[in-house]
Amino acid sequence: MNIFRLAAELFLIYLLYKFIFDFIIPVYESSKKIKKQFGEMQEKMQNNMNQYQNQQKPAQQSQPAKPVQKEGDYIDFEEVK
């Protein structure tokens, strides 16, 4: 009976080994890689947004603001027949 118990324990150890090295470690590494890529993508998007905002600011500042002049109350209307 000892040999059967030893064989069962060795088989369970083998299954645990396969589970850890064929499932747990690859899942951990791929999740770490995905997090890194996601962070890089967010950083790139933030840089693009900052560049876009920096390009828009000078264009908006170069146009002088035209003062709104009200010459009176004028209503554009069509004649109803």
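Only residues that are surrounded by fewer than 10 Cβ atoms within 10 Å (Cβ to Cβ) and hydrophobic (A, V, I, L, M, F, W, C): list them for the range 1-26, please.
Within the range 1-26, Met1, Ile3, Phe4 meet the criteria.
Is it fair to say Phe19 is under 37 Å from the mean Cα position of the chain (by Cα) and of a type outside the set (A, V, I, L, M)?
yes
Computed from the coordinates by the stated procedures, all read-outs in this text should not be read as laboratory data. Because the structure is predicted, anything quoted here is derived from the model rather than measured. Because the Cβ atoms are built from the backbone with ideal geometry, glycine has one as well, and the counts that use them run over all protein chains shown.
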